[in-house]
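Notes for the one structure printed next.
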Amino acid sequence: MPAPQLLKFIALLDTTLAEGSLEKLTLGKPCGEDETLKKLMVRPVQLKTGPHYSFVYRHATRDITKNHTPARAIEEITSALGRDFLDAHLFTPTQHAQLETKPDGTARLKITNTEPKEKSPTTKTPAVKSHDKERHYVIPADAPWLRMLGITNDHGYPRENKADKFRQIQKFAELITHLAAETELPTERLLQIADMGCGKGYLTFAVAALFGESAQVHGIERRADLVDLNNRHAIECGFPNLKFSVGDISDQPVADLDVLIALHACDTATDDALAAGIAAEAPLLIVSPCCQKELRKQLTAPPVLHDALQHGIFQERQAEFVTDAMRAQLLEWSGYRTKVFEFISTEHTAKNLMIAAVKERPAGDPKIATRIREFATFYGITQHHLAQRLSFDLNSTQS
């Protein structure tokens with residue numbers, strides 16, 4: 001028979017889902033037969049067919065997402081407890097329940113009451129949760145700020161010359177919603193989010209809309225005219241949590257940063273943004289690099305590649321690959337679980353590579369350091385801007 005504390009937790013979970021008060025549920029300390037399964041994260045979502053729960057199964061090399069009805073969600077979670085995971089953390093606006101079970105079946109349950117969050121700006125879950133892609137968007141198409149920025153018309157439809165930008169905004173909103181769900185972000189205070197090199201602020205506004213009053217969003221842009229325009233739009237559209245300021249990515253302070261965003265920061269500006277996020281130990285970093293020029297003159301390819309690299313286009317693509325591969329490896333060395341993927345189809349934008357990194361462990365793994373130096377040696381790399389910013393010596397024999 002299940003331990004009384006486990007049954008009490010399941011009863012609490014059942015009530016929470018029935019009331020619709022779940023903020024998030026995390027199952028950890030894996031114990032099942034699937035050694036690649038590391039964690040399960042559950043959050044509420046609203047689909048066209050009604051309320052569901054999004055299950056994100058985190059494996060060693062991939063994430064699998066499934067949506068379940070409330071009844072099915074209870075079944076899945078109950079069967080996973082004690083079979084696939086030993087620990088569980090349940091969060092509602094007024095409670096935090098922590099269940100710890102042991103392989104012998106015994107369990108311990110701790111329930112902590114928290115302050116109600118109905119009017120508090122401390123909840124980090126993005127306000128918009130629609131996953132129905134056919135007729136609904138993560139960012140409502142009739143959002144006033146989309147019209148203010150010229151993305152949609154007065155009827156809430158994308159303008160003909162802004163259709164690609166509209167898709168990019170929606171894709172980014174979907175992406176950051178999933179990334180936030182799998183990141184351990186603070187819940188006891190306002191999140192601090194910085195968009196470095198934000199330009200016209202399309203995606204900065206999207207982030208502010210998604211996180212609502214749970215975050216302070218700061219857009220940084222070197223062009224003063226864009227900063228003034230963005231601040232006017234933020235005031236007119238009613239975004240008290242959003243501000244823009246003039247500045248360069250390379251000289252930004254690094255304190256109190258939870259989420260760093262830097263999309264299409266040119267060449268080594270991407271490295272400066274990543275270095276700022278790493279220095280702040282920000283839990284989540286999201287960058288989309290472009291114009292990777294720094295390493296092109298350094299690259300000394302192995303002889304077998306010499307003939308192929310006589311062509312400029314291959315040289316350019318190799319420089320892009322080596323630059324971003326180095327960035328990904330340096331992020332891993334800095335303690336981040338890192339993903340590199342296509343942000344959006346090249347049909348809509350050629351600058352479609354994205355690097356997302358979630359802080360999970362201390363920096364300085366010597367095995368990763370060795371692999372980075374071997375990679376650099378293979379391509380003849382002696383300098384890399386992010387390595388310099390992190391004080392990582394590519395030529396050293398030390399970790």
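Only the coordinates and a few stated rules stand behind these numbers; no lab work does. Quick caveat, the model's predicted, so the values are computed rather than measured. We place every Cβ from the backbone using ideal geometry, glycine too, and count neighbours over all the protein chains shown.
Cross-link partners of K165 among aspartates and glutamates, defined as those whose alpha carbon lies under 13 angstrom from its own and excluding same-chain residues fewer than eight positions apart: E347. Legend: helices of the chain (whole DSSP H runs) are marked when their alpha-carbon atoms reach 30 angstrom or more along the helix axis and their mean Kyte-Doolittle hydropathy is at least -1.0; marked are 312-333. A DSSP coil position with no more than 10 other Cβ atoms inside 10 Å describes the following trypsin sites (Lys or Arg not before Pro) in the stretch 236-313: K297. For a straight C-alpha distance cut-off of 17 angstrom, the aspartates and glutamates reachable from K243 (same-chain residues fewer than eight places away being disregarded) are D195, E213, E221, D225, D228, D256, D258. One decimal place: the segment D393-N113 gains 96.0 nm when fully extended, by the rule 0.36 nm per residue minus the C-alpha distance.
Cross-link partners of K367 among aspartates and glutamates, defined as those whose alpha carbon lies under 14 angstrom from its own and excluding same-chain residues fewer than eight positions apart: E332. When the square roots of the Cα gyration tensor eigenvalues are ordered a ≥ b ≥ c, the ratio a/c for the chain is 1.5 or more and a/b does not exceed b/c, which makes its shape oblate. Pairs of lysine residues in the stretch 1-92 that meet both criteria, 8 or more places apart or on different chains and Cα atoms under 23 Å apart, total 13.
Taking the DSSP beta bridges with both ends in the chain, the antiparallel portion is around 70 percent. Exposure proxy ranking for L274, L190, L386, based on other Cβ atoms within 10 angstrom of each Cβ and starting from the fewest, stands as L190, L386, L274. An oblate overall shape is assigned to the stretch 4-113, the ratio a/c of its alpha-carbon gyration tensor axes (a ≥ b ≥ c) being 1.5 or greater and a/b not exceeding b/c. Listed by Cβ neighbour count within 10 Å, with the fewest neighbours leading, E188, E174, E294 appear as E188, E174, E294. Largest mean-square fluctuation among Q329, Q95, Q216, in a Gaussian network model of the chain whose springs join Cα atoms under 10 Å apart, belongs to Q95. Taking the fewest neighbouring Cβ atoms within 10 Å as the starting point, the ordered list for S79, S288, S21 is S79, S21, S288.
Summed over qualifying helices (DSSP H, 4 residues or more, each -39500 (n - 2.57)) and divided by its residue number, the chain shows a 222 nm mean residue ellipticity of -10000 deg cm²/dmol.
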